[in-house]
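Here, each number is a calculation from the coordinates, and none is a lab measurement. The structure presented is a predicted model; accordingly, all values stated were derived computationally and were not measured. Cβ placement follows ideal geometry from the backbone for every residue including glycine, while neighbour counts extend to all protein chains displayed.
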Amino acid sequence: MRIAAVRAWALLTVMMVSLGWLAPVIAAEESAETYFNQGSTQLQAQNFDAAIDSFSQALKLNPKHAKAYVNRGLVYSLKGQYPEAVADFSEAIKLDPKDVLAYSNRGNAYERQGQLDRAIQDFAMALEINPQDAPTYFSRGIAYRKKGRFDEALADFNKALELNPQMADAYQNRGLAYQGKRNYEAAIADFTKAMELKANNAGAYASRGLVYAIQGALDKAIADFTQAVEIDPQHAEAYQYRAMAYFGQGKFGQAWADVRKVKFLGGKLDPDFIKELSQASADTLKE
């Protein structure tokens, strides 16, 4: 009976094709794929608005195109439109509950919005589907680090590096986790390794400089902060850190120069530091 039903359905399908009944459906799916491929090319070219339009057209023609939801969600994430990204990744998961990229990217969108517990849940789901996904271990490590759960963060960064020993960002973020645990020598080693793997890594120089400053090695700290701003002249945090290091050396004029640079870049200054610098500068003038 079951075999007969299958044969009947196959015969009906042949008849529908021969009569042209399925032609509009097939054409719509082919057109959807064309728009999807176009959107993917635009995404690679960072033409984000055009990519969104193309993926939207693909979904209009084929509302069950899970990968179009994933890619459009990725574009929304790159544009900083995280609620829209979460909505698209969620639709993709409904259509394909085993889509690792949908879970991991939704986790990243949650993490960017500060919803760390939701992010960790999504990363866990992605790793349940694919336990060998280094980027997802890395992303979950960041979420754990931001929650102050440094041991769990270290475990995830270690796993990411086991799977991909060339992942410079994993070394850099593991360094931040070590810094959180006050294991400064391990932090310095990781920041240094991140620099070796990724040229012109301003963030790693700024992070290592901060650890040197914490240790009281102000000359080394200033050298790293200087390297960071030479690589990235828009790195406001590095200017502020360097201002603090100059303050520690009693070089108030150079500290004020960096404070002005932070203000020019629109960075956020520590009001307590500015108060201390102002007082110290005033006392110097009185002498």
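Just to be sure I understand, if you calculate semi-axes √(5λ) of the Cα gyration tensor in Å for this structure, which of (i) 52, 22, 15; (ii) 70, 19, 16; (iii) 39, 24, 15 do you get?
Answer by label: (i).
Given the options ARG112, ARG208, ARG242, which has the most mean-square fluctuation in a GNM of the chain, springs set between C-alpha atoms less than 10 angstrom apart?
ARG112
Could you give the size of the charge dipole of the chain about its Cα centre, using +1 on the Cβ of each K and R and -1 on the Cβ of each D and E, expressed in debye and rounded to the nearest 20? Don't jump to the answer; show the numbers that get you there.
Details: 33 positive and 34 negative charges, 69 e Å.
Charge dipole of the chain: 340 debye, to the nearest 20.
From the backbone phi of segment 244-256, what are the Karplus-calculated ³J(HN,Hα) couplings (6.51 cos²θ - 1.76 cosθ + 1.60, θ = phi - 60°) in whole Hz, Gly and Pro given as x?
5, 5, 4, 4, x, 8, x, 9, 5, x, 5, 5, 5
Hand me the tally of lysine pairs in segment 29-113: alpha carbons under 22 angstrom apart, and the pair either on different chains or 8 or more positions apart.
Numbers: LYS60/LYS79; LYS60/LYS94; LYS64/LYS94; LYS64/LYS98; LYS67/LYS79; LYS67/LYS94; LYS67/LYS98.
Summing the qualifying lysine pairs gives 7.
Kindly write out, for segment 233-238 in residue order, the coupling ³J(HN,Hα) from the Karplus curve 6.51 cos²θ - 1.76 cosθ + 1.60 (θ = phi - 60°), rounded to whole Hz, with x marking Gly and Pro.
Whole-Hz 3J(HN,Hα) from phi for segment 233-238: x, 9, 7, 4, 4, 5.
Arranged by the count of other C-beta atoms within 10 angstrom, fewest first, what order do LYS159, LYS79 take?
Details: LYS159 21, LYS79 14.
Neighbour counts put them in this order, fewest first: LYS79, LYS159.
What is the fewest-to-most order of PHE273, PHE252 by other Cβ atoms lying within 10 Å of their Cβ?
Details: PHE273 15, PHE252 19.
So the ranking, lowest neighbour count to highest, is PHE273, PHE252.
Can you run phi through the Karplus equation (6.51, -1.76, 1.60; θ = phi - 60°) for segment 52-58 and list ³J(HN,Hα) in whole Hz, with x for Gly and Pro?
In residue order, the calculated couplings are 4, 4, 5, 5, 5, 5, 4 Hz.
Name the shape class, rounded, prolate or oblate, that the alpha-carbon gyration tensor gives for segment 29-113, where a ≥ b ≥ c are the square roots of its eigenvalues, rounded holds for a/c under 1.5, and otherwise prolate holds if a/b is larger than b/c and oblate otherwise. All intermediate terms of the calculation are to be shown ahead of the outcome.
On the way: a/c = 2.12, a/b = 1.25, b/c = 1.70.
Judged from the Cα gyration tensor, segment 29-113 comes out oblate (a/c at least 1.5, b/c at or above a/b).
Considering only C-alpha atoms, what is the centroid distance from segment 180-248 to segment 151-167, in Å?
When both Cα centres are located, 22 Å separates them.
Among TYR82, TYR212, which comes first, then next, by fewest other beta-carbon atoms within 10 Å?
Numbers: TYR82 20, TYR212 23.
The most exposed by this proxy come first: TYR82, TYR212.
Rank ALA124, ALA66, ALA50 by mean-square fluctuation in a GNM of the chain with C-alpha springs under 10 angstrom and give only the top-ranked residue.
ALA50
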